[in-house]
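> Mind having a look at this structure? Questions to follow.
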Amino acid sequence: MIFKDLNQSQKEAIKHIDGPMLILAGAGSGKTKTITTRLAYLIDEVGIPAQNTLTLTFTNKAANVMKTRALNLMKNSKNQNPLLCTFHKFGLLFLRMHIEKLGRKNNFIIIDTEDKKKIIKELIDEDLNASNLSNYISYLKNHSKNVEMVFNDLNLYKNEEEKFKKFEKLALCYKNYQNYLLKNNFVDFDDLLMLSNIILESDQNFAKEQSTLYHYITVDEYQDTNALQYKILKNLCLIHENICVVGDDDQSIYGWRGAKIENILNFQSEFKNVKLVKLEQNYRSVGNILNAANKLIKNNDKRLGKELICTKDQGEQIKIDEAQDEKEESLKIAKHIKTLLQQGVDASEIAVLFRINALSRALEEALNKEKIPFKLLSGIKFYERAEIKDIISYLRLLINLNDDYSLKRIINRPRRNFGSTSLKKLEDYTQKEKISLFEALNNLDQSEFFPKKTQKEIHLFLEHIKALRECSNLKELINQLEEKIKLKDFYQNQADSEDKISNIDEFYASLKDKIKEGYYENLDDILNEIALLSDQDDLSEKSINIMSIHSSKGLEFDHIFIMGLEQGIFPLLNDTSDIEEERRLAYVAITRAKKYLYLSFAHSRFHKGIRMPFKKSQFLEESCLNLKNLKKESISQGHILQEKEIGFKKGDLIKHKIFGIGRIIEVQKSKNEEKLSINFGGITRNILSSFVEKIV
């Protein structure tokens, strides 16, 4: 029964038990089904104890889906609890149990990216950028570099004074930041993995114990792993090589944030006697879409090689459309989507993808004009809003009264007549007495420090915190939180108050719902989940979706629109871009589509503040068989025009969308296209050829 509806390759992968295995899983090839069925098979059929398995993936959404599916396949799922989670959740659980090995307490608080930047901003000189430094520290941690190593690396620049000073300043910032985290018992997102790896590498006997515990390891999206994640996996495989990695080298698109495609490309040489299974049967997309994807990705050299095999019909032809500029392009897309919606297509099954976020401006305007509701998916949004961060800070303070960072955020939210002057007095007192801010509020003689109004407010604040900490359960705590703190009243008279209050209500409602379902046992569970949430977990189903291609990874839609297919835009061409990764990104975009694919490009668009001419992307030719017969639909005229001929000559009659009809009096060859001198009713203008069309 467990093998029902599985193809031969999937069965082969599932039945493999001991030794390393690489499952090369093409887009839409039933990867999740294979992973979950194999986990159920190991536990239910082979008899591997659930606690000896470890399955790692990259998003909470994927982890939750996989765990539910795996348990549903098991005969006695109530007694099974395999560890199936993200890398960072694993790091969190691991540190909760073992961080004492580093001489630290396990009641640490996880800080998010915004917290990290604020802390760094407090510690650095004005000439340094907090955001850049945050990224630099993240880079160091993901390459397993601690403070001592970074200072040792300064020797590389001892003969270059300017570089030495620059990197010495960065090293000092890293040191001060780490000291701040230690002092407050904070860990940032990268520490969850770096500290876990330090523990494993510093004690090989302990690492062997962990390897014995996690005797069967599965890793999803292996092409997205970085150097640090690879090290952790190697340390967990010290006494065995029962590691199954699942991924697609053709979908490796995160090189810019540290993912190493070499991890999957070199897997067969890093482990002995690797079993290779290719999942090539695609259950998602129609034939024409798969043909385009296969044709495109074959142009890459750095790949293991596979081909998606269609299990559906050929489907509609891929639509390729051109426009004069971004406004026309976006309007065409919006009108096309409007037609689909009028035909009864579910809005949640439509997505517009773009390579760079700047392209969304014109698209949003066009969608608004056509009254098409949309959801912009890019980055973590909900939990970074000020009103939500305030609630989270209150919850963090309730767990740890010594969390000075959280207290500083909410001491005057809502307003308690406690401004920067009062805070400075309080901080001076804490430094003198070497105690936390909360202890200071309880201990000091407030009459010597603050006016009467502030004293009264602070006294009430302390009472509220005490009462909330005494709540008997989570449900009571959440109900009491708003009643006592009254954050909604605080935001009532502010800009966007309706949205802010709505967000607060949404947050409380979500917490209460999950508490009711038994999803949370304590405040730690709530804060840990929030810290690990990803942008895809908040995807709306009530509108069409617009997003960057990177954000679309792992998603699928019936109807996909990919805009901005021009050289320099997609593929992005600059000093740091990698044409093979750009092509993999296009492959990911194409394979998000199940039934219908629409590709568009514009002859010009605003880019870096100026209007620039563009040529259509090389990916169009690489993925589509026949571009010569490309047709352009005209919205305004309602009929079809053939694509403009390439090449102009003296005497040709042309049309410009602003200057009207003109005649070419001279043609000059430029690097990428022709420069035309055109007589418009007695006025000669120099115009690039891509901005005019020949009148036949």
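> How high is the relative contact order of the range 93-178, given as a whole-number percent (alpha carbon pairs under 8 Å, six or more residues apart)?
Over the range 93-178, the number comes to 24 percent.
> While we're here: Over the chain, with the other protein chains present, what is the accessible area per residue in square angstrom, probe 1.4 angstrom?
Averaged over the residues of the chain, the accessible area is 48 Å².
> List, in order, the whole-Hz ³J(HN,Hα) value for each residue of the range 577-592 obtained from phi through the Karplus relation with A = 6.51, B = -1.76, C = 1.60 and θ = phi - 60°; use x for Gly and Pro.
So the Karplus estimates, Gly and Pro as x, are 6, 10, 4, 6, 5, 4, 5, 4, 5, 5, 4, 4, 4, 4, 7, 6 Hz.
> May I ask you to derive the FRET efficiency for GLU384 and GLU241 from their Cβ-Cβ distance with R0 = 51 Å, giving the value to the nearest 0.05?
0.80
> Right, next: As an exercise, identify the GluC sites (Glu not before Pro) in the range 416-516 lying in DSSP coil whose Cβ has no more than 13 other Cβ atoms within 10 Å.
Those that pass, being in a loop and sparsely packed, are GLU470.
> Taking θ = phi - 60°, what integer Hz values does the Karplus form 6.51 cos²θ - 1.76 cosθ + 1.60 yield along the range 431-444, in sequence order, with x for Gly and Pro?
For the range 431-444, the Karplus curve yields 5, 5, 8, 6, 10, 7, 4, 5, 4, 4, 4, 7, 8, 6 Hz.
> With the dipole of the range 279-344 worked out from charges on the C-beta (+1 for Lys and Arg, -1 for Asp and Glu) around the Cα centre, which of ASN299, THR339, ILE318 lies farthest toward the positive end?
Value computed over the given set: ASN299.
> Taking the Cβ of ILE17 as the centre, find all other residues whose Cβ is under 15 Å away and add up their charges (Lys, Arg: +1; Asp, Glu: -1).
Surrounding charge for ILE17 is -1.
> Next up: Please turn the phi angles of the range 214-228 into ³J(HN,Hα) values with the Karplus equation 6.51 cos²θ - 1.76 cosθ + 1.60 (θ = phi - 60°), one per residue in order, whole Hz, x for glycine and proline.
9, 7, 10, 10, 10, 10, 8, 6, 5, 5, 9, 6, 9, 5, 5
> With Kirkwood radius over Cα pairs in Å defined as stated, name the option among (i) 28.1; (ii) 28.9; (iii) 27.4 computed from the structure displayed.
Identified label for the calculated read-out: (ii).
> If you place +1 on the Cβ of every Lys and Arg, -1 on the Cβ of every Asp and Glu, and leave all else neutral, what size is the dipole of the range 324-434 about its Cα centre, to the nearest 20 Debye?
That gives a dipole near 520 debye.
> Right, something else. Which three semi-axes in whole Å describe the equivalent ellipsoid of the range 343-442, each the square root of 5 times a Cα gyration tensor eigenvalue, listed largest first?
The three semi-axes for the range 343-442 are 46, 14, 12 Å.
> Which whole-number percent gives the relative contact order of the range 181-276, counting Cα pairs below 8 Å spaced six or more residues apart?
28
> Let me ask another. Which loop trypsin sites (Lys or Arg not before Pro) in the range 390-481, with loop taken from DSSP, have no more than 12 other Cβ atoms within 10 angstrom of their Cβ?
ARG415, LYS434
> Show the residues, 5+ positions off or on another chain, whose built amide H is closer than 5 Å to the amide H of LYS278.
LEU24
> Bins of 5 Å, beginning at zero and ending with the bin holding the largest distance: percent of Cα pairs per bin for the range 131-198, please.
3, 16, 26, 27, 15, 8, 4, 1
> For the range 387-538, what class follows from the C-alpha gyration tensor (a ≥ b ≥ c being the square roots of its eigenvalues): rounded when a/c is under 1.5, otherwise prolate if a/b is larger than b/c, else oblate?
Cα axes put the range 387-538 in the prolate bin.
> Just want to confirm a number: the relative contact order over the chain, from Cα pairs under 8 angstrom separated by 6+ residues, in percent.
Relative contact order here is 15 percent.
> What number, rounded to the nearest 500 deg cm²/dmol, is the helix-based mean residue ellipticity at 222 nm of the chain, given -39500 (n - 2.57) per DSSP H run of at least four residues and division by all its residues?
-13500 deg cm²/dmol
> Efficiency by 1/(1 + (r/R0)^6): what FRET value for ARG257 and GLU482, r their Cβ-Cβ distance, R0 = 25 Å, to the nearest 0.05?
After rounding, the FRET efficiency stands at 0.10.
> Counting other Cβ atoms within 10 Å, keep those with at most 16, restrict to DSSP loop, and tell me which trypsin sites (Lys or Arg not before Pro) in the range 1-72 are left.
Loop-located and lightly packed - LYS4.
The values are calculated or read from the model by the stated rules, or taken from the named source; none is laboratory data. Just so it is clear, the structure is predicted and the values come from calculations on it, not from any experiment. Reconstructed Cβ throughout: ideal geometry from the backbone, glycine too, with neighbour counts over all protein chains shown. These accessible areas exclude ligands, DNA and RNA; they are computed on the full protein's heavy atoms, side chains included. Shrake-Rupley method; radii C 1.70, N 1.55, O 1.52, S 1.80 Å.
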